[in-house]
Structure formats: C-alpha cells, structure tokens
1. Provide, for q = 0.07, 0.09, 0.13, 0.14 Å⁻¹, the log10 of I(q)/I(0) from a solvent-free Debye sum over equal Cα point scatterers in chain A.
2. Do any residues of region A:55-74 show a loss of at least 20 square angstrom of accessible area between the isolated chain and the full protein assembly, using a 1.4 Å probe, and if so which?
3. Average projected area of the Cα convex hull of chain B, in nm²?
4. Rounded to the nearest 0.05, what FRET efficiency do B:Ala205 and A:Glu81 give with R0 = 41 Å and r taken as the Cβ-Cβ distance? Could you check?
5. Which Cα, out of A:Val248, B:Ala191, A:Ile46, lies furthest along the positive dipole direction of the protein assembly as shown (beta carbon charges, K/R +1, D/E -1)?
6. A:Asp149 accessible area, nearest 10 Å², 1.4 Å probe?
7. Please get the size of the charge dipole for the protein assembly as shown, origin at its Cα centre, with Cβ charges of +1 on Lys and Arg and -1 on Asp and Glu, quoted in debye to the nearest 20.
8. Given labels modelled 7 Å from the Cα in the Cβ direction, how far is it in nm from A:Ala175 to B:Trp212?
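The values are calculated or read from the model by the stated rules, or taken from the named source; none is laboratory data. Keep in mind that what you see is a predicted model, and the values were worked out from it rather than measured. Virtual Cβ from ideal backbone geometry, glycine too; neighbours counted across all protein chains shown. Keep in mind that these areas ignore ligands, DNA and RNA; they rest on the heavy atoms of the full protein, side chains included. Shrake-Rupley method; radii C 1.70, N 1.55, O 1.52, S 1.80 Å.
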Amino acid sequence: MKLAIDRLSKRFGTHWALKDFSLSCEMGLLGLVGPNGAGKTTAMRIIATLLPPTTGSVLWGGQSVLDGRALRRVLGYLPQEFGVYPDFTARQFLAYLAAMKEIPDKLARRRVEEVLELVNLERAATQRLGTFSGGMKQRIGIAQALLNDPELLIVDEPTAGLDPAERVHFRTMLAGLTMNRIVILSTHIIGDVEAVAGRLIVLRDGQMLADSTPEALIETAAGQVWTVTTDAASTAELQRRCTVSALVARPGGASLRILSANRPHPNATTDTPTLEDAYLLLLGAMPGAAGSGESSGLA
Amino acid sequence: MKSLFNVTSWELKRARLDRSLWMMLPAVFVFCLAMTWFKHVWARPVVDGRVGETINILGTTQIGLPYLVIELLLTLVALVFPFVATDGLARDYRQRLHELTMATAIPTWAYVWGRYLASLLINLLLTVCLLAAVLLAGGLLRSFAGYPMLSTVLLLAIWGVAIIPAATVLTSVSFVLGAFWPRLANGLKLAGLVGWLVLVFMVDAWDRGTTWFTYWNPTSYGIVRVNLDSLVAQYQTAVLGVPDPSQHAALALKLQQAPVSLTPWIAPHAVLVLLSLTLVAATALLFSRFRPVVAQS
C-alpha cells in the first residue's frame, strides 16, 4: 500500500498549523521531527482521519481517506495524549478496542494476548488500568495501536513517559514492525528516530524543512561540529556567542560541544556530527549556520 | 448490527465495573423504599367543599399510586438521568479516549446509538429499582399497616406510560447535548436537572385546567393532577349524600380506588419517545468524529 499526501494544509483561525505538506511513502519507518508547534501532530491527526484538512488530500492505496472507514480498518494510531477507562483491566481495555476495531472475536482474543506479550504487559493483564504507571499506560497505548496488525501505524511521541530501557525496547519493537507496513513516528527525541528511521521529515512552523535519510542529514553537518576544553571565561564567552549543544564542567573550565560554521575557538577541533547536531543546525539553532531546508538543499 | 451490539455491550461492561453504578442502584432503591414507607399519605384540601376539610390520599390506592410514583419518586429519581446520559459520549472526550475510539473502524452511527442505548438501559434499570422499591414498600404497608394492596398492573402501566417516556426524553436530550458540547458536560447535567425541576414545579403556572401541556408534559404531572381533580370533584358531589363526617374518610378511600385511566397520555407520550429517538438519530447523522483536541504541535 502507498500513502500519498498532496499539498496538505490546515488552518486554525488565522494560524496555519500545516502548510503545503506533501509526502509519498511505502513500506518502512518514517520519522517526523520538529520543535513544538511544528505541525507534527496536526499532520498525523489528518492522516489518521481525526482532523479534516483545510486544503490538500491524503490518498491511501490511491483512494481518498475523506470517508475514513477504509483507512481506519488498517490503521493503528497512538495519539500523543490519551486516556483509559480506569476500571478496565489491561486485557479488557484491549478487548474493548479490538471490538471497536471490528476484529472478529476469535482473532481479537488471540491478538490481545499477542500484543500484551509484545509490550511486556502479560503479567499485568488482569490489573486495573487505574493502577498503571505512566510507562505502563504508554505501553498499553502502543499495544492497542497494534491490535489490528495495521498496515499504517501512526505513533505520536510514543516514548514519552518510558524509562530508557523501555524506550530501547519500544524502538527495537517498532523497527521490527516495519516489514509489511508504513510506520510514521513523530518524536522530539532525535535518538529514537536515529536508531530506527530510514527516512526523516523535519517540520518547522507547519512547513517541511527536510525530507532526507538520517545519514544524508548527518552529512550536511560535517565540519560544523566542534569540541573544545577551555577555561571558565572562555566557556562563558562561547556560550554567549555560539550554540553549545553539550557542556561538561571540568576543574577550572568546561568541555563544550559547539555547532558553528566556523572554528569557534583556536583550540576547537572538529567532531563527528550526530543526527541531533544536524537537526539543530537545520533548525537554525546556531547563529551563522545554514538555517533552512533551502540552504541545506534537503527539502 | 454487530457493531451496535459491541458498542452497547462494552459500554455496559464499563458501567458494570464502575463503582458509581453499584452505589447508584441500591441508593435509588433504598431512597424510594424509604420515601414510600415514610411518606405515603397526603392531605388534599377539598377547596370547594366544606371549609378546612381535607381528604387523605393513600399512596397504595388507584389515585394515590400515580401521586406516589410520578409526583414524588419519578420527580426525584429523574434528576439522576442527566448525570448518566450526558456522559454517554462526552466521557470519551473528557477522559481523552476520543481519538483512540475515533481512529477505529467502528461506524459513527453504531458508536452514537450504542452509547445511547447503554445510557438508556442504565436509566431504565434505575426505574426498575424504583418499581421494586414501591412494590416492596406497598407489600410492607399492606402487611404491617393495613393499607390497601397496590395494583401491580397499574404500577406497570404507570411505568410504561409515564416513567419510560420520561426516562427516554431526559436521556435523549441529555445525551445529545453531551455529544455536541462535551466540554460543557457538567454544566449540561445541571441544566438537565434544573430543566426537569422547572417542568415539574412551574407546571401549575403554565398548566391550568386541561390543556395540551397536561398531556404532553414529559414529567406526566398531568396524570396526577387530572385524576386528583376528578377525585375531588367526585368527592364534593358524593359527600353531600353522606351527612355523617365519620364516614367521609371511608368515602374518600372508596373513591380513590376507582380505576385510573392513563389512555389520554399514551399517544402523546409515544410521540415524545419517537421525537426523542429522532433527536438521537439526527445526532448519529450529524456527529463529527473530528474534534479539536490536544495541542496542535
């Protein structure tokens, strides 16, 4: 199946939350990143048939998703924020959503057990959701999105509230799910997309800044990432003048990681860029850097 | 239809697990039982008869049963209906489950109707508690205080003609308001409660004599008033032939045991039920799966 988005825009009052967003994708994991207010959730909600676009279209397998039901049958969706029925157990809640997804009863029973196992909640299956921690609740959200073995899986900030071990587990699980489906992952955590996404979309102010691979994006940051260990006075000066992406205090000074188009300090040496460095450079977080998709030639 | 059944049955399962339902059902039963036990006789002034004379209306007689069930118990139990029904759809919105549910394949009509039916069934269950309490209290009053045995047939007729329509109207209106304005759900519950009380208590101001409102008022207050007025009129005529004041109470009791006709209310109340269901049907058509929820990041 193919998801095709054409010049999608969404306006709230006078504010354009999304502007001319176009995308075409087939099987694989697509990372959607951007700062708060970039339009990620708006884009995902439109694709998930939860929000009508102001203009533009979304096609699933060549058919418009305006009616929605055909897409919803193959959709798995984890919203950024969601609630649960606190009196349901994990198993009951999943069975309820399986019924809402119109999964046949026998298959639903099997799928509920499978997804509970997948998110490591089989031992908590009979526990009331009202007693769940934030991380467990997030895992139940992930589980419900997978109930119908979706062809299109949309997950919005799925690792929020998960501890590091759970995050890694979830990332690995998500990567394993990309075989026969499209997965769209929206996140603030660059490390999550770096680990699993084959393709990366960067949004800012409702517009696409970049549509690239993580490797290509990292490549654009080559020669613009510096490290230096210096005294306290120079540290303060560098913090004022440049974008410092990391700072480790040392006796009498600090070790800094700096994003800069030019050598920021005589003792600074270039370092291997990470995706986070490239992302920050792309967003123009650094004075004097290539701050737009146009200048980086990615979008 | 499988979708409709799924939505209804799961909503009932959710309600079954909710402690508030298990508090509400016995509370309504005990409340109705206590009310009937402690308040089952009303002194009714015979305005145009002898000055200062009153007749006692007993809650277990033909005339007294509508008085007991409609004016006293239904008026109060119905105040709970908006609290159940307004949340039928609004609960998902308030508990941020709306997006999870709306991203599933469930058809909109099944979602709306399923939740409505579940709300209606819960409210009808509350009315069954009312009936059970009245039956039990009637039996106790008969056994321990020698009151006339209440008519089960009349009680069921009142349930069918007055209580079910009242529950349906109030459930439908509250449910529909909650569906369209979920953010205002708590205020709407209070509005439903106040609206009901206005219909009950302001009826005397609007409804003098026998007007269209006597038959179309969903509180069924008209059933009580018309039958009481008729009783008083009959009493005023009959009492003239009974000069011994000590026999007046027996006369009043005899007259209150005359069969009560609910027939004039059947058609208007059936229409009210149909209109309520039409309102829900319109909601199922107009209900939008799109909601401006969560941050637009």
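1. -0.32, -0.52, -0.94, -1.04
2. By number: A:Arg69, A:Arg72.
3. Here the figure is 17.5 nm², rounded to one decimal.
4. Using R0 = 41 Å, I get an efficiency of 0.25.
5. About the Cα centre, the residue reaching furthest to the positive side is B:Ala191.
6. 90 Å²
7. Dipole about the Cα centre, nearest 20: 760 debye.
8. Result for the modelled spin labels: 7.3 nm.
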